[in-house]
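Each remark here refers to the structure printed beneath this line.
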Amino acid sequence: MRSSTESVAFDTKAREKAADTFGMWVFIGSEAMLFGAILLVFLIARISYGTAFAAASQRLSLPLGTLNTAVLLTSSFAMVLAHTFTASRRWRPAVWALICTSLLGIVFLFVKAVEYGREFKEGLAPVLGAPFSFTGPDPTHAEFFFALYFAMTSLHALHLICGVAVIAGMLLLWPGTTEASRTHRVQAIGLYWHFVDIVWVFLFPVLYLINR
């Protein structure tokens, strides 16, 4: 018999894996509701202030947004490769696929920083104490567009930073982890990474394309 101080969380590896996956899906579901709420606010505002939102959207850099979309979709492909390699216990290529995924995430953040810098320089960032420079129709609601734009894209960037950090931590601990643990962790971070990519797939057309 086991003493009262001993406990076993899971009696099989399969149940542990199922619990890990379920926990990640619950987390992703809560994050999806957060992004969904912000998107709902944006779409309602878009219906109410269509002219101002259309004019403001055209001030965004479509080439940079398109480039970032391509970068993030490529990172998702690299993450799929990482999952495939870990499933077949090909650890070295799995590590390289994870490194490639995180590097592409950093490229996305760099491009986004360049885009933010351009928008701050043009006076499009609704910062307290700074003048908002917009020559199109209805500048008040155009400023609201940019407030929502910065809120949604910065929240997405924060999630991407967390994903890059988790991959970096996983790679640092990689040599001391078991094969089963590696597989579970790659699967979990893969679900999260694909979720972040899917969020951008929604943000890109809503912010950059719908008014063009």
Next item on the list: Only residues in region 69-95 that are without any contact (Cβ under 8 Å) to a residue 24 or more places away in the chain and in a helix (DSSP H, G or I) count as the first member; pair them with residues that are crowded, with 19+ Cβ neighbours inside 10 Å and not charged (D, E, K, R), Cβ under 7 angstrom, at least 6 apart or cross-chain, and list the lot.
Entry: Leu81/Ala97; Phe85/Ala94; Phe85/Ala97; Pro93/Phe85
Checklist line | Complete set of residues in region 89-124 that are closer than 16 Å to Leu64 by Cβ and among the hydrophobic types (A, V, I, L, M, F, W, C) | finding: Leu104, Ile106, Val107, Phe108, Leu109, Phe110, Val111, Ala113, Val114, Phe120, Leu124
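Conditions (1) modelled with pLDDT under 95; (2) open to solvent by 30 Å² or more (accessible area, probe 1.4 Å); (3) touching a strand residue (DSSP E or B) at 6+ places or on another chain (Cβ under 9 Å); (4) outside any helix (DSSP H, G or I), marked per residue:
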position	(1), (2), (3), (4)
Gly117	yes, yes, no, no
Ala125	yes, no, no, yes
Leu148	yes, no, no, no
Val164	no, no, no, no
His194	yes, yes, no, no
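Determine which member of the set Leu155, Leu203 is surrounded by 19 or more Cβ atoms within 10 Å (Cβ to Cβ), part of a helix (DSSP H, G or I), out of contact with any strand residue (DSSP E or B) (no Cβ under 7 Å at 6 or more places or on another chain) and not polar (S, T, N, Q).
Working: Leu155 fails: surrounded by 19 or more Cβ atoms within 10 Å (Cβ to Cβ).
Criteria check complete, one pass: Leu203.
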Next item on the list: State yes or no: is Phe35 in a helix (DSSP H, G or I) and either at pLDDT below 90 or closer than 16 Å to His184 by Cα (or both)?
Entry: yes
Check: Looking at region 136-144, is at least one residue modelled with pLDDT of 90 or more and hydroxyl-bearing (Ser, Thr, Tyr)?
Finding: no
Note to self: Among the listed residues Leu160, Leu172, identify the single one that is in a helix (DSSP H, G or I), of a type in the set (A, V, I, L, M, F, W, C), open to solvent by 40 Å² or more (accessible area, probe 1.4 Å) and closer than 29 Å to Trp25 by Cα.
What the structure shows: Leu172
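Could you please find all residues in region 127-142 being touching a residue at least 60 places away in the same chain (Cβ under 8 Å) and either touching a Gly at 6+ places or on another chain (Cβ under 7 Å) or in a helix (DSSP H, G or I) (or both)? If you could, list the steps in order and put the result at the bottom.
Of region 127-142, the ones touching a residue at least 60 places away in the same chain (Cβ under 8 Å) are 134, 136-142.
Pro139, Thr140, His141, Ala142, listed by residue number.
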Next item on the list: May I ask you to list pairs of residues, at least six apart or on different chains, whose Cβ atoms are under 9 Å apart, with the first in region 54-66 being under 12 Å from Phe144 (Cα atoms) and open to solvent by less than 40 Å² (accessible area, probe 1.4 Å) and the second being assigned to a helix (DSSP H, G or I) and acidic (Asp, Glu)?
Entry: Ala56/Glu143
Check: Given the residues Val71, Val80, which is the only one that is surrounded by fewer than 16 Cβ atoms within 10 Å (Cβ to Cβ) and in contact with a Gly (Cβ under 9 Å, 6 or more places away or on another chain)?
Finding: Val80
Next item on the list: Only residues in region 178-200 that are free of Cβ contacts under 8 Å to residues at least 60 places away in the same chain count as the first member; pair them with residues that are hydroxyl-bearing (Ser, Thr, Tyr) and open to solvent by less than 30 Å² (accessible area, probe 1.4 Å), Cβ under 8 angstrom, at least 6 apart or cross-chain, and list the lot.
Entry: Arg185/Thr177
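The values are calculated or read from the model by the stated rules, or taken from the named source; none is laboratory data. For clarity, every value in this text was computed on a predicted model and none was experimentally measured. All Cβ positions, even for glycine, are placed from backbone atoms using ideal geometry, and neighbour counts span all protein chains on display. Keep in mind that these areas ignore ligands, DNA and RNA; they rest on the heavy atoms of the full protein, side chains included. Shrake-Rupley method; radii C 1.70, N 1.55, O 1.52, S 1.80 Å.
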